Structure formats: structure tokens, C-alpha cells
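Heads up, the thing below is written out as C-alpha cells.
The values are calculated or read from the model by the stated rules, or taken from the named source; none is laboratory data. Owing to the predicted nature of the structure, the values given are computational and were not obtained by experimental measurement. Note that each Cβ is placed from the backbone with ideal geometry, even for glycine, and that neighbours are counted across all protein chains shown.
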Amino acid sequence: MNSNEIFSAAALVDNAEARRWGIGFIDGSIPGYALLIGDDVVAAAALLADLKQRKILAFVTDESLCAKLQGSGQSLGWESGLVPFDLPTALGFIARVAQIFGGADETDDVLNYARQRLRGFALLLGEPTSERLAEAQSALLLGCPLLITAELPLSEIVQLGVEERGLQIHVPIPELPVAYSPDFSGQVMRGENCGACLTGVELTVTGQDVVDGRVNLIGSDLDVVTQGEQPFALLIEVGGRAMQPDFESVLERQIEAILNDIDGVVHRGQRAIVTLSISQKSIKNGLRLRHLGQILHARLRNEFGNILSRIQINIFTEPAQVQVIRERAQAIYEKRDQRLGNLNDEGTDTFYTCNLCQTIAAGHLCVISPERPGTCGAVDWMDARAAVSIRPVGQNKAVKKERLLDAKLGQWESVNQMVAQESGGARTAYSLYSLMQDPGSACGDFDCITAMLPLSNGVMVVGHGYDGMTPSGMDWSMLYEMVGAGTPVPGFMGHSKRALHRQKFIAAEGGWRRIVWMNHALREELRPALESLAAAAGISGFVDLIATEQNALTEDEIAALLEAAGHPALSMEPMI
């Protein structure tokens, strides 16, 4: 069969029928079509349920197979999604839809539209005879690859067709025992209402043997988890022809927004500092961890169907398994963080915004550059660039660096305009490099808080895991309440540990040289990064000049240590 025969068949298609059913290909309600070639009714029966579930329109092109299906009680016709058309009529129908909705008349234009917008594949049921192979060859004119049931497992063949043609299959949101709506995003849960408080790690990776829709639970479920903090790990394995490793962290950062729409679920944090709180009421109503996995699967498939065709969710509450995932995740996080290498802000003409956390902190917005990761630390410049390539209209937007206002502060007119737009007018100016003037805000998901210590002419940096008092007279919880609501507070900033690895961190105030106090565990964790920055500036032993809770808890005590050690902050301009 050649293109002339296909177009001759197209001329015989009823236009009203082509419009009525063709619109489904355009609005996405019909993601694609399958051409069933051959008469193996056993193979056909095994595939029909899968095709129907995915809402893929099937053309039964063999008269013998039509008879066998009808004999088994299977209804045929448009309403059943199983249309008894011979191959010329089926291909003619697709060509006619392309002519109508593509506004094309030329042969090449029609065929190109059909290949790109009306995506299908051919399933050869039974033995691949020369006649059947010739029929399948003609379907290639419309871009339909051939999959042969005699050579491929029946359980996988439809999925392979979906992936080969890049069909975007809509996955229905599963029924839950509790309500699911964006209205619940931002809900607050008091301690006495929490039925399960899970703390742990989340990781998204590209997997090899991913079974789409599978949710695995390794360990206890919510109905037997005791109150108090319990370890957990969430491993999401994904696959798809367009999936790339750079997209993994983009998908990972969606977890919070997806789960926070569940009534009675509060998700905070990212990477290895995640807390997941589930209310007693929701657990009593039947909410279980598998429901969270099902929601994640459906939302990620629907929102990122252009790159994903398989998603498997693995949830761990067994402590030993959680530790295994944590160690695996840490190695992957470190590898991701190394991607930026020596790229700096001067080396790019584009920054990115991120408004993902506005559901929990209205007005909050991150501006992300090579030297300034997002507040959470889970989204850096590479991640944001990848996110925009996946979804140009989404939570991340590109902004050109134009019309520099202040190089020291890191302010550009174009960035300020985008910030005003994306924050709904809550912000009109944004300094990428300053703690004191128009600093970035924080959403609540961050590793560290930096706060000025005016008597010491420097700043302190406290980490998320430190529960003692700080020289500011506030502990972590008090500082968190101040900076974690999405409103910028000059002199205070929530940020990631990664921010401290770069020269641009509070560079307007002197950068890392201003650090005069850190909690001891954080100081030692960041010692290599800070020593590297200091060595590049010709300063040796800088980290040991930074006081900790082990030798100073007041500004007077810090001042005495700074004087004795000759800390560089003493010779810098006053912060205020």
C-alpha cells in the first residue's frame, strides 16, 4: 500500500465521523491508536484490556479476528474503542483527521502531521507472515512502528508501543480514604494531632527494570507505626525515552507539592532532611503509605508524561533498609552537586526563578544562579534549567540578566521585574548576594540559618540539627519562626549548606570572612569547603578562627576569641 491508496481511502471517510472521533487525538482524551494486524485472538484478548485502560484507540484490521472477538462476546465499534476497519480504511481515517485538524492538503504535510500529532503503532498478532509484514510496512508511512507478539512478552508490548511513540497516558487520580485537593496545601499539624511522624530521605533515580504503577512497601505501614519520630526512605524509580539524569532532582522536588494536597499530610524538607507528618484522623480513616505512592505515581505521570512512561514507588520504614537508601542517596547528592564545577554567575546570561514553595509560603520566590542555589538546596542552576526544558511554563522560569543595577548586591532590573511578577507584587527588589539589603526569603525548607551578630561585626551560621542556644539569644526553632514564613528579614537568611560552598554567599557583606560562629557539627562538616575558599584568598587556618558552642555562646565571648585569634571580620566595615 502506498500513500496514494491511503489518500484514496481518506477521501471516503465520513467527515462528521472524522471530526467527532478525531478531536480526541487533539485534546488528548485519545492519546494514540494501535493497528491490530493478524488473527491471534488469544494475543488480542490479552492486549485489549491494557489498550482500553490507557484509552488507546484500537483498529481491528483482520476480518477473521473481528469475527473471533465478536464470537467471544466482545463488542466492536467506536464506543468500545475497538473499531473494525481494514488497514486501508484505518490509515485513511488517520490521514483524514490529519487533513481536517492539521489544515493540510499536500501529501508530505498530511503525513508529517499524522506522524507527529496522531501517534500510533502496529501490533502484529501471531506469526509474522510476508503478507502481514507488508501491511505493517505501509503503516510506517504514518510513523507506526511494528511490534510483534511472537517476539515480545505480551505483558510489555503495549508499554513498549507507548514508549516508542511517546504517548502521554493520563493516569486517573486514585481514590483515597481522605480528601485530596490543593486547598490542603499549607495545612498545619499540631503535635497532639500527629499519628505518625516520619523523618528520612527521598531520592529519585532512573531505573532499569521499572514496573509502571508498582508501589512497594518495605517495613511497617501507618497503622502500626508508633508515635514519635520514625525513619523512612522514599525511592522513586523512573524511566522514559526522554528521561535524563539531570531531570531526577527536578522530579524529586515535586514530592512535597504533591503530598501536601492530601488532607492530614504535611511534608517538609528535601533530600535527607525530610519530615512527613500524618494525622491520627487520616490514619484512622484508612490512609496508608501505598496511597501516597499511588498519588505520586499518578501526578508525576500526568505532569511529566512528556519524559516519563514508567514510575515505580518504593517506600521503606525498616531502619536497616532506610540506612542503605540514605547512603546511596548521599553519594548521588554529592555527584549532582559537582555538576556546576567552576561555572560562575559571570559566565551565564540567564538566571532562573522557582516558585514551587508558594503553596506553603505565599510570596516566596527563589532566584537561582550558578553560585546561588535555591533556598532548599535541592534545586540548583542546572536543575532549574532542566526543569524549564521539561516544562517551559511551570514552577521555574528563565530570566535574562539585563540592566545591572548593583554588582555588589547582585541586582538586575530584569530580575527585579520578574520577581515582582512571580511574587504577586510581594517583592520588588531582590539581592542575590546580600544579607542586609533586599535578601532572599525562605520557605521553610532549608539546612541553615545565617544571622548577623552586630557586636561581633560578623554572622553566625546554625544548622538544622542543632538544638542548643545560639549567640543571638535564639535557638533554631525561634530563628526558624522568624525566617521561614516566606518574608525577607534583613540580617537573617535561611539557606542550604551548598550556598556556603560559593564565593557569592553574602558577598556584599564580605562573604565567608564574616562567619564568626557556627555550631560545631556544621563547622566540621563544612570545613573542607570553607578552607578551600580561604586558601584561594591566601588565608590559612580560617575555620579554626570560627567559634562554636564549645567555646562561646555570647557575643562578648565571641568578641574575646576573635580578638585573640585575629579574625578577619574585625578589620571589615561595620555591618550596620
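Pairs linking a residue in the range 504-531 that is over 21 Å from Asp467 (Cβ atoms) to a residue that is surrounded by 17 or more Cβ atoms within 10 Å (Cβ to Cβ) and of a type in the set (Asp, Glu), with Cβ atoms under 6 Å and 6 or more positions apart or on different chains, are Lys504/Glu371. Against the definition (under 28 Å from the mean Cα position of the chain (by Cα), crowded, with 22+ Cβ neighbours inside 10 Å and within 27 Å of Glu563 (Cα to Cα)), how does Cys448 come out, yes or no? Spelling it out, Cys448 is indeed under 28 Å from the mean Cα position of the chain (by Cα), crowded, with 22+ Cβ neighbours inside 10 Å and within 27 Å of Glu563 (Cα to Cα). No other residue among Val388, Val379 is assigned to a loop (DSSP other than H, G, I, E, B), within 19 Å of the chain's Cα centre (by Cα) and at pLDDT below 95 apart from Val379.
If you go through the range 265-300 and keep only what is within 15 Å of Leu251 (Cα to Cα), of a type in the set (D, E, K, R) and modelled with pLDDT of 95 or more, you end up with just Arg299. Taken over the range 345-373, residues that are of a type outside the set (S, T, N, Q) and touching a Phe, Trp or Tyr at 6+ places or on another chain (Cβ under 9 Å) amount to 11.
In the range 135-161, of all residues being without any contact (Cβ under 8 Å) to a residue 24 or more places away in the chain and among the aliphatic types (A, V, I, L, M), the one that is surrounded by the fewest Cβ atoms within 10 Å (Cβ to Cβ) corresponds to Leu140.
Taking the condition of a type in the set (D, E, K, R) and part of a strand (DSSP E or B), does Glu202 pass?
Criteria met by Glu202.
Among the residues of the range 391-406, write down those that are assigned to a loop (DSSP other than H, G, I, E, B), at pLDDT 90 or above and surrounded by 12 or more Cβ atoms within 10 Å (Cβ to Cβ). Within the range 391-406, Lys401, Arg403 qualify. Against the test of being surrounded by fewer than 15 Cβ atoms within 10 Å (Cβ to Cβ) and closer than 26 Å to Arg339 by Cβ, the options Ser532, Ser540 yield a single qualifying residue, Ser532. One residue stands out in the range 266-293 among those that are out of contact with any helix residue (DSSP H, G or I) (no Cβ under 6 Å at 6 or more places or on another chain) and of a type in the set (Ser, Thr, Tyr): the one that is surrounded by the most Cβ atoms within 10 Å (Cβ to Cβ), namely Ser282. Among the conditions (1) within 19 Å of Ile26 (Cα to Cα); (2) within 33 Å of the chain's Cα centre (by Cα), Ile173 misses just one, which is (1). Every condition in (1) crowded, with 23+ Cβ neighbours inside 10 Å; (2) at pLDDT 90 or above; (3) closer than 22 Å to Ile273 by Cα; (4) touching a Lys or Arg at 6+ places or on another chain (Cβ under 9 Å) holds for Phe351 except the one numbered (3). Of the numbered conditions (1) more than 19 Å from Gly494 (Cα to Cα); (2) in contact with a strand residue (DSSP E or B) (Cβ under 7 Å, 6 or more places away or on another chain), Asp383 fails exactly one; give the number of that condition. Looking at each condition in turn, Asp383 falls short on (2). If the condition is being more than 19 Å from Asn216 (Cβ to Cβ), surrounded by fewer than 16 Cβ atoms within 10 Å (Cβ to Cβ) and either in contact with a helix residue (DSSP H, G or I) (Cβ under 7 Å, 6 or more places away or on another chain) or touching a residue at least 12 places away in the same chain (Cβ under 8 Å) (or both), then the range 298-336 contributes Asn302, Asn306, Gln330. Considering only residues in the range 81-114 that are out of contact with any helix residue (DSSP H, G or I) (no Cβ under 8 Å at 6 or more places or on another chain) and of a type in the set (Gly, Ala, Ser), the one that is surrounded by the fewest Cβ atoms within 10 Å (Cβ to Cβ) turns out to be Gly103.
Note on the range 1-103: enclosed helices (runs of 4 or more DSSP H) holding 1 or more residues that are touching a residue at least 60 places away in the same chain (Cβ under 8 Å), out of contact with any Lys or Arg (no Cβ under 7 Å at 6 or more places or on another chain) and of a type in the set (Val, Ile, Thr) are 3-10, 15-27, 87-102. For the range 111-156, a residue qualifies if it is in a helix (DSSP H, G or I) and closer than 19 Å to Ile30 by Cβ, and the qualifying residues are Tyr113, Ala114, Arg115, Gln116, Arg117, Ala139, Leu142.
Count of the range 548-576 residues, restricted to those that are within 14 Å of Met460 (Cβ to Cβ), touching a residue at least 40 places away in the same chain (Cβ under 8 Å) and hydrophobic (A, V, I, L, M, F, W, C), is 7. Counting only residues that are modelled with pLDDT of 95 or more, closer than 20 Å to Glu371 by Cβ and in a loop (DSSP other than H, G, I, E, B), the range 529-551 holds 1 of them.
Residues in the range 248-265 that are touching a Gly at 6+ places or on another chain (Cβ under 9 Å) and surrounded by 21 or more Cβ atoms within 10 Å (Cβ to Cβ) were compared, and the one that is nearest to Gln330 (Cα to Cα) is Arg253.
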